[in-house]
Every structure is written in structure tokens, then in C-alpha cells.
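What follows is a single structure, written as C-alpha cells, with notes after it.
The values are calculated or read from the model by the stated rules, or taken from the named source; none is laboratory data. Bear in mind that the values here come from a model prediction, so they are computed numbers and not experimental data. Here the Cβ is made from the backbone with ideal geometry for all residues, glycine too, and neighbour counts use every protein chain on show.
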Amino acid sequence: MSESELPLPHLTIKGKRIRVPIVQGGMGVGVSLHLLASAVAREGGVGIVSSACLDRLVSKRTGKKLTTYEAAYNEVSLSKAAGGYAGINIMVALVRDYESSVRGAIDAGADVIISGAGLPLGLPSIQPPRDTALIPIVSSARALELICKKWEKLGYRPDATVLEGPLAGGHLGFKIDSIDLESNTLERLLPPVKDMAIKYGDFPVIVAGGIYTHDDIVRFLKMGADGVQMGTRFLATEESSASPLYKQAVIDATEEDIIVAHKPGSPCGLPFRIIKQSPMYLSALKRLREPKCDKGYVLLKDAEGKFSRCPAKESNETAFCICNGLLSSAGYNSDEEEPLYTVGTNAYRVDRIVPVKTLMDELAGKTALCLP
Ligand SMILES: Cc1cc2nc3c(=O)[nH]c(=O)nc-3n(C[C@H](O)[C@H](O)[C@H](O)COP(=O)(O)O)c2cc1C
């Protein structure tokens, strides 16, 4: 039997048996909403909505002004409505909305909360998670140990962890000059992270970043991973809420078009992978865009702990306006703001948009598509 014919084993998280060990990665802003998450859940994987700017997106869709808590509650509920397992990705960097998003998701009965873009050190203390699995995203065994030690003091252990390597889309947990180091490949990062997970209670390790085919999944499972998280493949599905222009940019992208943005980069301060022709990036690079911040999701705290300004508000020399750029690429205010397209390194291999069912069948090894 060839690897492409091997069935995949199931994945168990917090006592829940997930038939296909594939987690669809949270994709903000507005790319992974309930339409995508529920489709993945129905096919036996774990569907994930992104909490980023969700209040605006759900308020626009419903025509009612919703709070962050209500938006997270609604979107998670809808993701679970047709059955299967679904949850939410909540980024630590979105400090202002973090706790409300967590509360809304737990109250809606999210199966998982996956949290990264910073260390989610206080996650278990926000509210008793009941049946919701708490899953930190890490990029090293060291980060996982820090989290496990902190959570132990709070009387909690991770229910699983996502190990995200440097080939992923969105924000990367690596310094700009260590992204390409051989010591930071997902293959090299996995064994120490797996050992750490065993040390702190033997919870599942889900690997992410650059996984593209069924054979990639089989390879990482053989190396000791318990599941995979995939973003870019789901970005290019019919059910993803990326705008048609965004999906076309993914299809058109060549390997050379995919870069890690740095000066201008993300105001979060983390390296951020994009398609280099993204209009918002080009405008920031050429200083064509008047800096402004009218959204305020990426706020920093000042010395007194008060929310201050986004680094992209004063100038777009070092940071582009990520909120408006990503909102635009999900079709929000796209007539007023230019889009910013984030992708994983493998986006250049995408040559068509497919329904989630077709993709899940292929990834699970039920069908073999002719992929480049
Ligand atoms: C369009 C896009 C948006 C993303 N947004 C987020 C996000 O908001 N939060 C997060 O933790 N990860 C985000 N990611 C990372 C994915 O959840 C996933 O872990 C990663 O992309 C896996 O690598 P792959 O794209 O090579 O499959 C994003 C990825 C993509 C492609």
C-alpha cells in the first residue's frame, strides 16, 4: 500500500475523538469564519474561526452592533450548528479583545481555543473552560515549557499544543534572521516539543507550517505528531471568506512572490508572510498611504498599563496598517482600503479553488488529485 492510500489515525483532544486528524488553522482577518469552520467540522476535522476583528465582521453581516463577546459566541455557535468539532483561534497580540473573545467562545461551547501570536500565559485563568480544550501555539520546546509551568500554577495543563514552524502563513514566532535556520525546521523542532508534551502529561502535538499533501501528513504522523494544522490549503477553498481578488492572488503567486514582510511589517512586531504584490504593502513601501488607525485592534500598553497607540498610526515606514489591510482582503471596506494578502510558503502551489469536501477527501487519502 502506498502512503497516499494509508488511512489516517484519529486524534483525541480532551476526550473528544476527532475522526480526521486535521485542524483547519484559524485565519484572520475574516478568512476563516463559520462557513469554512463548519464545512471542515462536517468532514471530520476541526474547524476554526478567527477571532480577529470579529465584532466588526459579524456586526456588518447581521446588521446589528455586536460586542466582541457576542461576535465570538455567535460565530462559534454557527460553526458547531451542523455537527462536528469546531473552535476559535484567539491571538494574544489582540490584547484589548482577548478576554471577551475567550469568554464568548467558552460560553458558546467551543471544542477548542487555540491561542498564539504571543504566549497565552493567563488563558486558563480567564474563565473555567469546562469542555473547551485550551491549546497554546508554540514555536519551540522552551516556549511550551514556560506555558506548562505557568499553567501548572493555575492548576491546568494544555489539552494539546500546536507547534508552528517557520513556513506558516500569518505571523511567525521566529525572529526575522532565524526563520531560515536549519535548526528551526518543523522536522527539527518536533522531537523536543513532543518530549516536553510527554513530560507535562502526554498531550497531543499538532504540527503546522508548510504541510500540503496527504503524504506530508503521513510523514509528520510517523515522526510522532498526533495531528496537523493547515492554513493555506483552506484559504483556497470555496468556503473561505477571502475575497475573490485574494483567492486569485494566491492562484497567481509564484514562489518568488511570497516574502516575509519586514519594515514595513506587522505592527505586532512579529514577522508576517505576505504576497509581495499586496496593494497595502506596496503603498506602505512607497509611503503612498497616509498613516491612520481607525480600528485599534493592535494597541500597545503604556508604562501605566493603559492602551496606547498602534505603531502604524504615526507612520507607515516601519509598519503597515494590518487591521485595515486584512479587513479589506476579506471584503470589508474594500472600496476604501487596500488589501494585504497573507499566505504560507506553499501558496504558489495552489492552482485552483476547491470545495472543502474535495480537499478533505484528498488530504485524508480518499482521493488522489494530481498536485504539483
Ligand atoms: C491567510 C492566513 C491567515 C492566518 N491568520 C492566523 C491568525 O489570525 N492567527 C493564527 O494564530 N494563525 C494564523 N494563520 C496561521 C494558520 O492558522 C496556520 O497555522 C498556518 O498557516 C499553517 O501553515 P500553512 O499555511 O503552510 O498550512 C494564518 C494563516 C493564513 C494562511
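Every residue, every condition in (1) free of Cβ contacts under 8 Å to residues at least 60 places away in the same chain; (2) within 26 Å of residue 85 (Cα to Cα), yes or no:
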| residue | (1), (2) |
| --- | --- |
| 131 | no, yes |
| 152 | yes, no |
| 155 | yes, yes |
| 169 | no, yes |
| 180 | yes, no |
| 190 | yes, yes |
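Which residue, of 106, 137, is of a type in the set (A, V, I, L, M, F, W, C) and either in a strand (DSSP E or B) or touching a strand residue (DSSP E or B) at 6+ places or on another chain (Cβ under 6 Å) (or both)?
137
Residue under question is residue 315, and the condition is that it be at pLDDT below 90 and within 21 Å of residue 244 (Cβ to Cβ); does it hold?
Judged against the criteria, residue 315 is not a match.
Could you check residue 86 against (1) outside any helix (DSSP H, G or I); (2) farther than 16 Å from residue 48 by Cα; (3) more than 12 Å from the ligand (Cβ to nearest atom); (4) out of contact with any Pro (no Cβ under 6 Å at 6 or more places or on another chain) and say which number it fails?
(2)
Report those strands (runs of 3 or more DSSP E) wholly inside the stretch 9-79 carrying at least 2 residues which are of a type in the set (D, E, K, R).
Hits in the stretch 9-79: 16-18.
When the residues of the stretch 175-202 are filtered to those that are among the hydrophobic types (A, V, I, L, M, F, W, C) and surrounded by 21 or more Cβ atoms within 10 Å (Cβ to Cβ), which remaining residue is nearest to the ligand (Cβ to nearest atom)?
The residue in question is 186.
Could you tell me which numbered condition residue 96 fails, if it satisfies all but one of (1) over 24 Å from residue 203 (Cα atoms); (2) modelled with pLDDT of 95 or more; (3) away from the ligand (no atom under 15 Å from the Cβ); (4) in contact with a Leu (Cβ under 9 Å, 6 or more places away or on another chain)?
(2)
Return the residues of the stretch 27-69 that are within 13 Å of the ligand (Cβ to nearest atom), more than 22 Å from residue 214 (Cβ to Cβ) and not hydrophobic (A, V, I, L, M, F, W, C); say none if nothing qualifies.
28, 30, 50, 51
In the stretch 91-117, how many are in contact (Cβ under 8 Å) with a residue 60 or more places away in the chain and over 13 Å from residue 55 (Cβ atoms)?
Total meeting the criteria: 7.
Taking residue 267, is it away from the ligand (no atom under 15 Å from the Cβ) and either more than 19 Å from residue 44 (Cα to Cα) or touching a strand residue (DSSP E or B) at 6+ places or on another chain (Cβ under 8 Å) (or both)?
So residue 267 fails the test.
Please tell me if residue 108 is within 18 Å of the chain's Cα centre (by Cα) and within 30 Å of residue 10 (Cβ to Cβ).
no
Residues checked against (1) exposed (fewer than 14 other Cβ atoms within 10 Å of the Cβ); (2) not assigned by TED's automatic domain parsing to the domain that holds residue 35:
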site	(1), (2)
218	no, no
249	no, yes
256	yes, yes
265	no, yes
270	no, yes
274	no, yes
291	no, yes
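Tell me the strands (runs of 3 or more DSSP E) entirely within the stretch 180-272 that contain at least 2 residues that are more than 30 Å from residue 321 (Cα to Cα).
205-208, 227-230
Would you check if residue 72 is in contact with a Ser or Thr (Cβ under 6 Å, 6 or more places away or on another chain), within 14 Å of the ligand (Cβ to nearest atom) and over 15 Å from residue 208 (Cβ atoms)?
In short, yes.
Conditions (1) under 27 Å from residue 272 (Cα atoms); (2) crowded, with 18+ Cβ neighbours inside 10 Å; (3) not hydrophobic (A, V, I, L, M, F, W, C), marked per residue:
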| site | (1), (2), (3) |
| --- | --- |
| 21 | yes, yes, yes |
| 37 | yes, yes, no |
| 46 | yes, yes, no |
| 49 | yes, yes, no |
| 77 | no, no, yes |
| 82 | no, no, no |
| 100 | yes, yes, yes |
| 110 | no, yes, no |
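Inside the stretch 313-355, can you point out the residues that are within 12 Å of the ligand (Cβ to nearest atom) and in contact with an Asp or Glu (Cβ under 6 Å, 6 or more places away or on another chain)?
Result: 348, single match.
If we scan the stretch 193-204, do we find a residue that is closer than 26 Å to residue 93 by Cβ and small (Gly, Ala, Ser)?
Checked against the condition, which is being closer than 26 Å to residue 93 by Cβ and small (Gly, Ala, Ser), the stretch 193-204 yields at least one hit.
Just one of (1) at pLDDT below 90; (2) under 21 Å from residue 168 (Cβ atoms) trips up residue 353, so point out which.
(1)
What's the total number of residues in the stretch 119-140 that are small (Gly, Ala, Ser) and surrounded by fewer than 19 Cβ atoms within 10 Å (Cβ to Cβ)?
Result for the stretch 119-140: 3.
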